[in-house]
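This report refers to the structure that appears directly beneath it.
The values are calculated or read from the model by the stated rules, or taken from the named source; none is laboratory data. Predicted model only: the values in this text are computed from it and were never measured. Here the Cβ positions follow ideal geometry from the backbone for every residue, glycine too, while neighbour counts run over all protein chains shown.
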Amino acid sequence: MPGGPALDELHSKLESRYKIYKLRDALLELEGSYDEVWIDTPPALNFYTRSALIAAQGCLIPFDCDDFSRRALYGLLETVKEIQADHNEHLLVEGIVVNQFQPRASLPQRTVQELRDEGLPVLAPCLSASVKVKESHELARPLIHLDARHKLTLEFVALYEALRQPKTAKAKKTKRASKAA
C-alpha cells in the first residue's frame, strides 16, 4: 500500500487522537493472511515510524557510512529500546543495512568494522553505491525489473536471502522439536 503526500495531512489528526496503535491493530487482523509484511517508513523518526516500530516484530536500519548517519543510528537504537520497554517487547533489530558502500575507501570499511566491533548486527552484504537506484526511482521500477543482473540488484537479492535464512533455520528447528515431542 503506497504512501503519499496525503499522509502529511493525516499525521496531526492521527497523533492528536492517539492513534499510534492503529497499524498494529490492522496487522493483527491480517495475521495468517500473509507470510510477511514489510513496512517502509520515511527516513525520519516521526509518528509513522514510531507506529511501525510498535507494530513490527523486527526492524532493519539503513546506514550510510558517515558520522551523521552514525549519530542518527545511535539515537534510533535508543528509540527502539524505549519502544521495546514501553510498547513492544517483541521488537528486534534484525540488522543494520549498509547503503552506498564504497569498498575501496578506507572510511566506510573502518566505520562498518567499528560497528561490528561494538556488537551491532551489521548485515552482509553491504549495498554498493550506484546511480541505478536513482534510475529505478525515476522510472518507478524496482531494480530487479530494471536490471536483474546489475551488481546492486544481486546484492539486494543476497541480502534478502540472508535475512530469510535465520527464519528458515528457526522454523526447521521448531518443526524438529515438535516432531521429537
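Looking for something within 17 Å of the chain's Cα centre (by Cα) and outside the structural domain of residue 111 (by TED's automatic domain parsing) - is there at least one such residue anywhere in the range 17-26? Within the range 17-26, one or more residues are within 17 Å of the chain's Cα centre (by Cα) and outside the structural domain of residue 111 (by TED's automatic domain parsing).
If the condition is being under 24 Å from residue 134 (Cβ atoms) and buried (at least 17 other Cβ atoms within 10 Å of the Cβ), then the range 74-113 contributes 96, 97, 98, 100, 101, 108, 111, 112. Is it the case that residue 171 is at pLDDT below 90 and surrounded by 10 or more Cβ atoms within 10 Å (Cβ to Cβ)? Spelling it out, residue 171 is indeed at pLDDT below 90 and surrounded by 10 or more Cβ atoms within 10 Å (Cβ to Cβ). So is residue 103 over 15 Å from the mean Cα position of the chain (by Cα), assigned to a helix (DSSP H, G or I) and farther than 16 Å from residue 21 by Cβ or not? Spelling it out, it is not the case that residue 103 is over 15 Å from the mean Cα position of the chain (by Cα), assigned to a helix (DSSP H, G or I) and farther than 16 Å from residue 21 by Cβ. When 57, 84 are checked against the criterion of being at pLDDT 95 or above and either out of contact with any Lys or Arg (no Cβ under 7 Å at 6 or more places or on another chain) or among the charged types (D, E, K, R) (or both), a single residue qualifies: 84. In the condition set (1) at pLDDT below 90; (2) farther than 24 Å from residue 127 by Cβ; (3) within 15 Å of the chain's Cα centre (by Cα), residue 48 is compliant with all but (2). Taking the conditions exactly as written (out of contact with any helix residue (DSSP H, G or I) (no Cβ under 8 Å at 6 or more places or on another chain), modelled with pLDDT of 95 or more and more than 21 Å from residue 67 (Cβ to Cβ)), does residue 154 satisfy them or not? Yes: the conditions hold for residue 154.
Filtering 35, 86, 117 for residues that are among the acidic types (Asp, Glu) and either in contact (Cβ under 8 Å) with a residue 24 or more places away in the chain or more than 27 Å from residue 7 (Cα to Cα) (or both) leaves a single hit, 117. The single residue among 93, 37 that is modelled with pLDDT of 95 or more and among the aliphatic types (A, V, I, L, M) turns out to be 93.
Inspect all residues belonging to the range 41-59 and state whether any of them is free of Cβ contacts under 8 Å to residues at least 60 places away in the same chain and within 22 Å of residue 113 (Cα to Cα). Yes, the range 41-59 contains at least one residue that is free of Cβ contacts under 8 Å to residues at least 60 places away in the same chain and within 22 Å of residue 113 (Cα to Cα).
Exactly one residue out of 116, 164, 149, 141 is in a loop (DSSP other than H, G, I, E, B), of a type in the set (Lys, Arg) and surrounded by 11 or more Cβ atoms within 10 Å (Cβ to Cβ): that is 141. Within the range 130-169, being more than 27 Å from residue 92 (Cα to Cα) and among the small types (Gly, Ala, Ser) holds for 130, 136, 140, 148.
Tell me whether the range 6-21 contains one or more residues that are of a type in the set (Val, Ile, Thr) and either at pLDDT below 80 or farther than 21 Å from residue 73 by Cβ (or both). Yes: the range 6-21 contains one or more residues that are of a type in the set (Val, Ile, Thr) and either at pLDDT below 80 or farther than 21 Å from residue 73 by Cβ (or both).
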